[in-house]
1. Take the Cβ-Cβ distance between residue 39 and residue 80 as r, set R0 to 35 Å, and report the resulting FRET efficiency rounded to the nearest 0.05.
2. Based on Cβ point charges of +1 for Lys and Arg and -1 for Asp and Glu, what charge dipole magnitude is obtained for the range 1-143 about its Cα centre, in debye rounded to the nearest 20?
3. With angles folded into 0 to 90 degrees, how steeply does helix 126-145 sit against the dominant principal axis of the chain? Use alpha carbons for both and round to 10.
4. To the nearest 0.05, what FRET efficiency results for residue 71 and residue 113 with a Förster distance of 22 Å applied to their C-beta separation?
5. Among 38, 5, which comes first, then next, by fewest other beta-carbon atoms within 10 Å?
6. What order do you get for 43, 95 when you list them from fewest to most C-beta neighbours inside 10 Å?
7. Using a basic spin-label model with each label point 7 Å from the Cα along Cα→Cβ, how many nm lie between residue 28 and residue 46?
8. Order by neighbour count: 27, 68, fewest other Cβ atoms within 10 Å first, most last.
Amino acid sequence: MNLTTLEFTRQIPAAPDEVYAVWIDPHCPGGPWFSPNTQHQKSKIIFDAKIDGLFYHAVTAGGQTWTHYGRFTRLDRGKLAEHTWVCEATKGRESIVTTTFEARDGGTWVTIRQTGVPDDEEGRAQKAGWSWILGALADSMAKRTGAR
């Protein structure tokens with residue numbers, strides 16, 4: 001199986017420590033593990049943000065369930081969060097997601113780099129998910145800081 005790397009970046013209107021805090025808290029809107037239970041969507045989260053801590057996140061909506069799980073491998077407050085990432089699109093393989101937070105231009109430059117992704121349509125389709133998450137993070141942080 002051929003593997004590829006996906007990389008995404010976005011300027012976020014907040015300080016690195018603030019962005020990291022939202023990123024690593026599954027209860028904060030804008031973070032990758034935030035997914036409230038609503039009339040149209042159900043979610044389950046098990047989350048232990050520490051080195052070798054595990055996470056499990058399943059979201060069910062429209063009759064489909066998306067499940068992601070993994071293990072935190074590196075955490076450096078305000079600078080970096082790294083974890084393994086397993087989902088249907090990785091075909092059971094552990095990919096590695098490294099997210100960095102760099103102070104830049106009065107905000108934070110967030111870079112998500114996912115390595116070990118199957119180089120097929122399903123693997124590359126994860127681009128849409130990571131892009132959506134960065135957009136949700138930017139919107140959430142703009143609301144918190146009053147930035148436009």
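1. Taking R0 as 35 Å, the efficiency between residue 39 and residue 80 is 0.45.
2. Using only the charged Cβ atoms, the result is roughly 180 debye.
3. 30
4. Here the calculated transfer efficiency is 0.80.
5. Result, fewest neighbours first: 38, 5.
6. With the fewest neighbours first, 43, 95 line up as 43, 95.
7. According to this spin-label approximation, the distance is 2.5 nm.
8. Going from least to most buried by this count: 27, 68.
No lab work stands behind these numbers, since they all come straight from the coordinates. What you are looking at is a predicted structure, and each value in this text was computed from that prediction instead of being measured. Neighbour counts are summed over all protein chains in view; Cβ atoms, including those assigned to glycine, are modelled from backbone coordinates with ideal geometry.
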